[in-house]
Amino acid sequence: MKEQEQIELVKTFSDLNGVPGFETEVAKYFEDRATPYGQVSRDGIFNSYVDRTENTGKKPVVQIDAHADSVGFIAQAVRPNGLIKFVTLGGWAPTNVPTTRVRVRNKDGQYIKGVVASKPPHFMTDEEKKQVPKIAEMSIDVGSTSRDETINDFKIDTGCPIFPDVECEYYPTTRLFFGKDFDNRVGSAALVDVLDQVHGQDLDVDVAVELSTQEEVGTRGAKVTANKISPDLAIVFEGCPCDDTFEEDWLIQTGLKRGPMLRDMDTSFIANPLFEEYAAKIADEHNIPYTRSVRTGGGVNGAPIQYWNGAPTIVIGIPVRYEHTAYNWASLDDFQHAVELTVEILKDLDTDKITSFFG
């Protein structure tokens, strides 16, 4: 895939709306882009699957995963003054939510602009100014003045999904993207690029690519995809949070323009160490930069996929600054290196290498 096409792919994925449980817009775009490379299908919780054209059904199966959903909100109720009480979908820090621009998908499927409202400082007491805001006390304002107007005119009520309203931009001089939902739309785009780069190649493995849903609310979709695919090996793309803006240099494990991150551990997942070392060896052989990380928080789809039948699994993270806010930075170089590493792994794998990962 040419570089300009990669750029447009990431930008388009970023701009799509897809909070947990409402990923169909992302699924449809992914399926449209993946159709040239195999047979596509979708299940009842909107997981998308690609059975690569070159698959034989007679080789070890490598599952490649990314998740379609991103953090957002959902309308819980409409207040008497017309403001929308909401709850979070995924892990938000309350300090990052106020004044976020949003779009609410109403009952007619139309997108209504709004903003996460908070009390103006003019009306706050000194004590209120010191407090961390609570999600339950926040509201979304779509410009309505009454509950009746919000429900009957704006067609917004309980259950309407709410998405950050940000348009992705790319800056050629720095080779950086600025936009929303890079966790995990950069991974979603990487799936398509990998399919493109191995298209027509006779690999020693069958490749089952899937874009899963509801990762941000408990890696739910990947539980289903692992069951359906039952892989022999798995690679998970993830938009992974950068620590390069606050950690000392010796402790930085995920940073912009440092290459993809190979995740050794988080609170849900420990990578198969033999597969992890193999991936690092492939990266070294091809001069692909990368970092390694041991995390004390977070969770990824690698966990339920690995738990399903014990398939050796690694997570290849694409670094993202300010994940789980509406505004993210990511590097085209890191994206390209993550794809390159995955492609080189797929080209090198065979039955004996996969068997070796079982110790």
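Over 32 Å apart at the Cα level, from the set K134/K257; K119/K180; K107/K134, are K134/K257. Could you please state, rounded to a whole Å, how far the C-alpha centre of the range 46-121 is from the C-alpha centre of the range 235-313? A separation of 24 Å, based on Cα centres. Here the chain carries DSSP beta bridges of which approximately 65% are antiparallel, counting only pairs with both residues inside. Here is how the number arises for the chain: DSSP H runs of 4 or more residues each give -39500 (n - 2.57), the sum is divided by the residue count, and the result at 222 nm is -8500 deg cm²/dmol. Relative to the globular-protein estimate of 2.2 N^0.38 Å, the Cα radius of gyration of the range 11-59 stands at 1.29. Of all beta bridges that DSSP places with both ends in the range 209-332, some 30 percent have antiparallel geometry. Springs join every pair of Cα atoms under 10 Å in this Gaussian network model of the chain, and among E31, E167, E215 the largest mean-square fluctuation is at E167.
Considering only protein heavy atoms and a probe of 1.4 Å, how much of the accessible area of the range 38-120 is carbon and sulfur, as a whole percent? Before the final figure, lay out the partial values.
Numbers: 1950 of 3580 Å².
The nonpolar share, carbon plus sulfur, comes to 55 percent.
Rg/Rh, computed from the Cα trace of the chain with Rh as the Kirkwood radius, has the value 1.00.
Remark: relative contact order (the chain) = 22 percent; criterion is Cα-Cα distance under 8 angstrom and separation of 6 or more residues.
Taking one quarter of the surface of the convex hull spanned by the alpha-carbon atoms of the range 108-189 gives a direction-averaged projected area of 9.1 nm².
In the context of the full set of protein chains, the chain has a per residue accessible area of 42 Å² (1.4 Å probe). Cross-link candidates for K113: which aspartates and glutamates have Cα within less than 16 Å, leaving aside residues fewer than 8 places away along the same chain? K113 reaches D15, D141, E149, D153, D157, D165, E167. The listed residues W329, W250, W92, W308, once ranked by accessible area (1.4 Å probe) with the largest placed first, stand as W250, W308, W329, W92. Fully extending the segment from K129 to M1 would add 41.0 nm, taking 0.36 nm per residue of separation and subtracting the current Cα-Cα distance.
Before anything else, pin down the relative contact order of the range 1-106: Cα pairs under 8 Å, at least 6 apart, normalised by residue count, whole percent.
Details: 98 pairs, mean separation 21.2, N = 106.
The normalised contact order for the range 1-106 reaches 20 percent.
The values are calculated or read from the model by the stated rules, or taken from the named source; none is laboratory data. Here the structure is a predicted model, which is why all the values come from computation and not from measurement. Areas reflect the complete protein model, heavy atoms only, side chains present, ligands, DNA and RNA absent. Shrake-Rupley method; radii C 1.70, N 1.55, O 1.52, S 1.80 Å.
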